[in-house]
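One structure below.
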Amino acid sequence: MTMADETKLKIVIFGAFGAGKSTLIKTLDPESKHIEANCAGGTTTVALDFGRVQNNCCRIHIYGTPGQERFDFAREIIAKGMDGAILLVDVTSPLDQFTRHLSDSLHSAKVPFMVFLNKCGQ
């Protein structure tokens with residue numbers, strides 16, 4: 001098999017601040033790249049997270065988006081050309097309007113996506 005035969009997928013992870021997007025990517029790819037800054041709640045993703053997973057002849061590129069509403073422009077840029085998405089939901093917090101907005105946006109764009117529920121054991 002050559003590199004030309006390899007399938008490449010772009011998966012983008014969306015979710016509210018603190019949902020666990022960076023932790024999910026770090027779990028899938030311990031060598032993932034993460035840019036963060038200190039904030040009132042601890043740390044937050046500044047631009048994006050990036051990780052890679054190889055599964056047989058499929059290379060999956062995983063991008064994590066910022067979880068604050070004001071970074072809508074960054075989510076749009078990161079989402080361009082995505083093959084699928086994950087909407088990560090923190091079940092310890094009430095479902096907010098921002099998470100609903102993310103879900104509605106993915107539906108409108110007709111992007112295949114899964115919903116992951118996080119922090120279920122807390």
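If each residue of separation counts as 0.36 nm, what is the full-extension length gain between residue 77 and residue 97 once their alpha-carbon separation is subtracted?
Numbers: separation 20, 0.36 × 20 = 7.20 nm, distance 2.14 nm.
This chain segment gains 5.1 nm when fully extended.
Starting from segment 81-122, pick out the trypsin sites (Lys or Arg not before Pro) whose DSSP state is loop and whose Cβ has at most 15 other Cβ atoms within 10 Å.
Values: sites: 100, 110, 119; in loops: 110, 119.
Answer in residue order: 110, 119.
How big is the dipole moment of the chain about its Cα centre under a simple scheme where the beta carbon of each Lys and Arg is +1, that of each Asp and Glu is -1, and everything else is neutral? Debye, nearest 20, please. Don't skip to the end; give the middle numbers.
On the way: 13 positive and 13 negative charges, 15 e Å.
So the magnitude is around 80 debye.
Provide the percentage of antiparallel DSSP beta bridges, counting only those with both residues in segment 3-117; round to the nearest 5. Please list the in-between numbers first.
Numbers: 13 of 30 bridges.
For segment 3-117, the DSSP antiparallel bridge percentage is about 45.
Would you mind computing Rg(Cα) / (2.2 N^0.38 Å) for segment 72-122, counting N as its residues? It would help to have the intermediate numbers written out before the result.
Numbers: Rg = 11.9 Å, N = 51, 2.2 N^0.38 = 9.8 Å.
Compactness ratio reported: 1.21.
In whole Hz and in residue order, list the ³J(HN,Hα) couplings for segment 95-102 that follow from phi through the Karplus curve 6.51 cos²θ - 1.76 cosθ + 1.60, θ = phi - 60°; x for Gly and Pro.
5, 9, 5, 5, 5, 4, 4, 4
Compute for segment 3-117: radius of gyration divided by Kirkwood radius, i.e. Rg/Rh, restricted to C-alpha atoms, rounded to two decimals.
Taking Rg over the Kirkwood Rh, I get 0.96.
R0 = 22 Å: FRET efficiency of residue 54 with residue 120, Cβ-based, nearest 0.05?
On the way: r = 28 Å, r/R0 = 1.28.
After rounding, the FRET efficiency stands at 0.20.
Any read-out appearing in this document is the output of simple, stated calculations on the displayed coordinates, not a laboratory observation. Worth saying up front: this structure is predicted, and the values here are computed from it rather than measured. Using ideal geometry, Cβ is built from the backbone for each residue, glycine included, and neighbour counts are taken over all protein chains shown.
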